[in-house]
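Notes follow once the structure below has been shown.
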Amino acid sequence: MNTCGVEKKCGACQLSNMDYERQLRFKQATVVKLLRRFGHVEEIIGMDEPYFYRNKAQYAVRKTRGNVVTGVYQSATGSAVITDKCFLNDKTANSIVKYIRKLVVDQKIMPFDPKSGKGVLRHIMVRNARSTGEYMVVLVCFEDKLKNEETLIKLLTKKFPEIKTVVLNVSKSAKMTLGANERVLYGSGTIEDVLCGKRFEISSRSFYQINPIQTEKLYQKAAEFAALTGSERILDAYCGIGTIGITASDKAGSIVGVEKNGAAVYDARKNAEKNGIAKAEYIEADAAEYMQKAARSHERFDVVFTDPPRAGCSREFLASLAFLAPKKVVYISCDPQTLARDLLYLTHNGYKAEKIQPVDMFPHTRHVETAVLLSKIEITGKKVKA
């Protein structure tokens, strides 16, 4: 089994002591334990090649004992663990980061020192589009200037012609957090990927699933669960840049996407236009607040896709969902514990879990993605309040 040598110190690969088949058994058992009361749990969908799958590599830049180093974040403390390689990140992305580190030294670019407040470069992020082979480099800096940036860009893109854009992002955060201000140094500022036959434009701050191979399997399963006929009105809650709704759009009557991140809503609208989808509307709003408003207005949705953050759906969201009573809910979760909590509420308020499908989106980590199909059933004796 591949190891980077710092997996214990880093903490990102919590299951690195297990071979991959054992990891899958462990995750299957975890989901079964938490969700079997709701129905049969299908066999987890794993990867054929569970390495180098991440399409976003994030490295901190530091100067240690006179040397410029790059490292990944330690999950427990947030400090950087020095490493040249990560067996989860894309291979070319690892090579790009290593070469940038050389250029930083050659061009006398100073890494930012949080103790002295001196220096500029804080982090390097590399995003890649698996289907098109395009790469984006994001240089996260303490201020909006970089020494010898033109020379750096020229050398970097000559060495790696697959780099289609380079962005300088300004952030004051010690952690890998992108700031609101950025400047495109090279290219258009975006790269393009193809997912389930649909094209998506990805910017530096776009939310886009980390593992494109498994994402296609997950979204195909979600579409299979929805079993759309072409007339349904769909709500895509927590829609991000619109990936789930857009990949299902060919068999949808219309789509309403809801997302509180304004930049993501902007991307979703562009992506719908890019794919020629005129029947999609994207709204910048908190999903729970939108659902409450929709319930008060007695809006009708036939199918609801919901892909919430790790914390799951709020009680207000779930109550409004039950009140709206769509025929089907396809719930995609990245945490089986919060999923179990939300399924308990929904199955007590008019829904039945018909299918439960785990997907290994994050090999070598404890995380597991799960798609659940819930169908509306008739209940008597109580009415859910929105």
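The values are calculated or read from the model by the stated rules, or taken from the named source; none is laboratory data. All values derive from a computational prediction rather than experimental measurement. Counting neighbours? That spans all protein chains shown, and the Cβs are built from the backbone with ideal geometry, glycine included.
Between 153, 202, the distinction of being over 25 Å from residue 112 (Cβ atoms), in contact (Cβ under 8 Å) with a residue 24 or more places away in the chain and in contact with a strand residue (DSSP E or B) (Cβ under 7 Å, 6 or more places away or on another chain) belongs to 202 only.
Within the set of pairs 6+ apart or on separate chains, which have a first residue in region 20-31 that is in contact (Cβ under 8 Å) with a residue 40 or more places away in the chain, a second that is in a helix (DSSP H, G or I), and C-beta atoms under 7 Å apart? So the pair list comes out as 30/336; 31/336.
Restricting 55, 94 to residues that are at pLDDT 90 or above and under 18 Å from the mean Cα position of the chain (by Cα) narrows the list to 55. Taken over region 247-261, the criterion of being in contact with a Ser or Thr (Cβ under 9 Å, 6 or more places away or on another chain) and assigned to a loop (DSSP other than H, G, I, E, B) is satisfied by 252, 253. Taking region 313-348 as the range and being in a loop (DSSP other than H, G, I, E, B), under 22 Å from the mean Cα position of the chain (by Cα) and surrounded by fewer than 22 Cβ atoms within 10 Å (Cβ to Cβ) as the test, the residues that pass are 314, 334, 335. Of all residue pairs spaced 6 or more apart or on separate chains, those with beta-carbon atoms under 8 Å, a first member in region 83-94 that is farther than 20 Å from residue 162 by Cα and a second member that is in a loop (DSSP other than H, G, I, E, B) and of a type in the set (Val, Ile, Thr) are 83/6; 87/3. Restricting attention to region 178-231, the residues that are over 17 Å from the mean Cα position of the chain (by Cα), at pLDDT below 95, closer than 20 Å to residue 58 by Cβ and assigned to a loop (DSSP other than H, G, I, E, B) total 2.
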